[in-house]
1. I want to confirm something. Restricting to the range A:73-87 and keeping residues that are part of a loop (DSSP other than H, G, I, E, B) and within 18 Å of B:Met253 (Cα to Cα), which single residue is nearest to the other protein chains (Cβ to nearest Cβ)?
2. Out of the residues in the range B:368-406 that are of a type in the set (Ser, Thr, Tyr) and not in a helix (DSSP H, G or I), which is farthest from B:Val302 (Cα to Cα)?
3. Among the residues of the range B:8-28, is any crowded, with 22+ Cβ neighbours inside 10 Å, at pLDDT 95 or above, over 30 Å from B:Leu162 (Cα atoms) and touching a Lys or Arg at 6+ places or on another chain (Cβ under 9 Å)?
4. What's the total number of residues in the range A:260-272 that are touching a strand residue (DSSP E or B) at 6+ places or on another chain (Cβ under 7 Å) and not in a strand (DSSP E or B)?
5. Are there any pairs with C-beta distances below 7 angstrom linking a residue in the range A:189-214 that is more than 7 Å from chain B (Cβ to nearest Cβ) and surrounded by 24 or more Cβ atoms within 10 Å (Cβ to Cβ) to a residue that is among the acidic types (Asp, Glu) and part of a helix (DSSP H, G or I), with the two at least 6 apart or on different chains, and if so which?
6. If I go through the range B:6-30 residue by residue, how many of them are of a type in the set (D, E, K, R), farther than 16 Å from B:Gly285 by Cα and in contact (Cβ under 8 Å) with a residue 40 or more places away in the chain?
7. State which residue pairs qualify: first residue touching a residue at least 24 places away in the same chain (Cβ under 8 Å) and surrounded by fewer than 24 Cβ atoms within 10 Å (Cβ to Cβ) and inside the range A:302-315, second residue not in a helix (DSSP H, G or I) and not hydrophobic (A, V, I, L, M, F, W, C) in any location, beta carbons under 6 Å apart, and separation of 6 or more residues or different chains.
2 protein chains.
Amino acid sequence: MISVEQHLRRILDTVQQLPAFEVGVVEAQGCVLAEDVAARVQLPGFTNSAMDGYAVHAADVGGATEQSPAVLPVVNDIAAGNTQALSLAPGQSMRIMTGAPMPRGADAVVPVELTDGGLARVAVREEVRVGQHVREAGDDVRSGDVVLKAGTYLGPPQVALLAAVGSARVRVVPKPRVVVISTGDELVEPGRVPGFGQVVDSNSLMVAAAVRAVGAEPFRVGGVPDDAAALREALEGQLVRADAIITTGGVSMGAYDTVKEVLSRVGTMQFDKVAMRPGMPQGFGTLGEDRVPVFTLPGNPVSALVSFHVFVAPALRAMAGRPGAPWPPASAQAVAAEGWRSVPGKTEFTRVTSDGGRVRPAGGQGSHMLGSLSAADALAVVPPEVTEVRPGDALATLPLLGVDAP
Amino acid sequence: MISVEQHLRRILDTVQQLPAFEVGVVEAQGCVLAEDVAARVQLPGFTNSAMDGYAVHAADVGGATEQSPAVLPVVNDIAAGNTQALSLAPGQSMRIMTGAPMPRGADAVVPVELTDGGLARVAVREEVRVGQHVREAGDDVRSGDVVLKAGTYLGPPQVALLAAVGSARVRVVPKPRVVVISTGDELVEPGRVPGFGQVVDSNSLMVAAAVRAVGAEPFRVGGVPDDAAALREALEGQLVRADAIITTGGVSMGAYDTVKEVLSRVGTMQFDKVAMRPGMPQGFGTLGEDRVPVFTLPGNPVSALVSFHVFVAPALRAMAGRPGAPWPPASAQAVAAEGWRSVPGKTEFTRVTSDGGRVRPAGGQGSHMLGSLSAADALAVVPPEVTEVRPGDALATLPLLGVDAP
């Protein structure tokens, strides 16, 4: 029996960040940048107006007031998108729109609200400082500056920044492509009515959904029967497109545990009992020339989802170049609203519902109980030495992936 | 000038939950259920073994110990997926795998670890209680039970549960399809080098990415010039596929503010100054027979993204049937690590970086500053009456959508 920490460490020591790949910035959303990106242009690209108003020489409107406005001729009209290089002589003004290029010579903008809005002549009712309402070229980003470093996660602002500084394509760590296979003669496809002794293959749907929720790309192969040749064929066929493979089922003590039978003799696969509940039988290793990581999760749905959160999600994040949460999680995130017993000598993952940081078990805790799993929003992590959680105890929690957050 | 609360209230009073739509459970991930779902089958569907071991009559192994094992003939072998209805006579046993159907008559399972693992005869070294290691049919979900209620957000466990109880297709509130249009003569497509007076259309990329980050489906139309006919045509062409439309730019005080010009006379559109910084000029209303909500955001990138978080994201969540975060957010989420000034009379959204709940401004706060926006992970909400944030002040924050979280 090994500890959760030992199994996780072996996994994280084995998986590697995926090779970088060039994509368009739209596809880069949700990926991690694999290179430092330097600005090819400055931002703003040209000195421009921060307001709708009038470009002026500030000196020409010095001392202007409501009672004694400064009146200037309006000699031009500059819209955003105007690509002419204009010049403003002293004593004159030009009407200018937000984002439009400042004419050479002008050193301030009078917002339209501080004027009479005139078209041929404008009366300015308030003075402006030199530089006021003007965005200097390069005041946000200078050309050549590294704007985003390798390792940066690309969310909406970063995608926009890359486009703005001229990097319409960038090298990123791609999202892992994850093949999901469930095993078992008892499985029938969703939509079919299971006969006596059969169950709907809901595991592969759940694991594929969890893969998507952690930001990777699932390929659901679905149910493979308990047949060594069929499983071997499915695995070999999927290796080409997989950055990782997840199986569920077939890793226990049973006589027909095909996953264990097929994989225990290949690659670096290793099967262990991990001191956790649920989720004790775990397997992990790599397959094929490309050393594709393979996670063999237990077949009980709750065991499979707990194992995914504890072992697979951190591995997929590491493969994607994303930072992982520390293990074990900080122990002060939640407070037990009621007490419950926990098994000695194993890390117990109690399915809980949270209400403002107070957690309580979400119904039946059997490892086959999908109904009560669906009522939970987090896993409370009860350490091996704790046999009883008391009301008020501080607990570490793992939020369930893909749960809605406002 | 209206308050943030007033503008948000008008939006949330106008938008409606989208009509329900039937989809397969795989596509249902990330949607809200539009109907109560009752189980068509019980879970487990049949009484089955929780362990790999031997199905027995508990009475037959009563008092068994290491020293004095109970020895039973093994008359059959039951794998998971066995669809035969078997019966176990007293005094006999059957080898059984996890998830395999219990034979009639058997009332307990002896785990293989407590036996000699025999194939013809098995020596049982420990007694078991009636019902031990047996999962009774229906102990998780009874047939006819409502397993998920209308309004439930569908994450990985819920998708699996729907499939398991026989609901391979369900009625959900679909993800809003959101058309994103940016406006301005100055815009060039990402990948093109902007000339003098031009800028890359990064806004539509950013807003489309934010739409995706909030769980809706973006359609990026991109830049439309400041031309009333072109904008009208773009809007009319997109109405058919849009559950909502977002525009950026063209809503300020300028002479060429085409969005305002085209939309101020149609539908229920209304343009307001909202007491916030950045993001003062806002427009909202509905267009067309289907009363498609239209959000006209300001064109400065920081203003657009702040407006998206404050007004559009809550509306898209409401349209998707998902609960919204309260406004204003709870004021004790973060602590200012340093002080900064805030404009009086307006809600200020300071772009901040968070470090363990301590926030500080993320560089330049100009509304055009995409570079410093990209360094931020949250918006600190500084209320209108606050003109100075002091170190140690408690602050409400809005996390930026699409930022990575471990």
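The values are calculated or read from the model by the stated rules, or taken from the named source; none is laboratory data. Please read these numbers as outputs of a predicted model, since none were measured by experiment. Note: ideal-geometry Cβ built from the backbone for every residue, glycine included; neighbour counts use all protein chains shown.
1. Here is the first cut: in the range A:73-87, the ones part of a loop (DSSP other than H, G, I, E, B) are A:79-86.
Applying the additional criterion that residues be within 18 Å of B:Met253 (Cα to Cα) yields A:79-82.
Details: A:Ala79: 5, A:Ala80: 4, A:Gly81: 3, A:Asn82: 5 Å.
For the range A:73-87, the residue satisfying everything is A:Gly81.
2. By that ranking, first place goes to B:Thr387.
3. Taking every residue of the range B:8-28 in turn, none turns out to be crowded, with 22+ Cβ neighbours inside 10 Å, at pLDDT 95 or above, over 30 Å from B:Leu162 (Cα atoms) and touching a Lys or Arg at 6+ places or on another chain (Cβ under 9 Å).
4. 7
5. none
6. Within the range B:6-30, residues that are of a type in the set (D, E, K, R), farther than 16 Å from B:Gly285 by Cα and in contact (Cβ under 8 Å) with a residue 40 or more places away in the chain number 1.
7. A:Pro314/A:Gly324
One line per residue, one yes/no per condition, for (1) within 14 Å of chain B (Cβ to nearest Cβ); (2) surrounded by 20 or more Cβ atoms within 10 Å (Cβ to Cβ); (3) among the basic types (Lys, Arg); (4) over 23 Å from B:Asp139 (Cβ atoms):
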| residue | (1), (2), (3), (4) |
| --- | --- |
| A:Gly324 | yes, no, no, yes |
| A:Trp327 | yes, no, no, yes |
| A:Ala334 | no, yes, no, yes |
| A:Glu338 | no, no, no, no |
| A:Arg341 | no, no, yes, no |
| A:Thr350 | no, yes, no, no |
| A:Gly357 | yes, no, no, yes |
| A:Ser367 | yes, yes, no, no |
| A:Ala378 | yes, yes, no, yes |
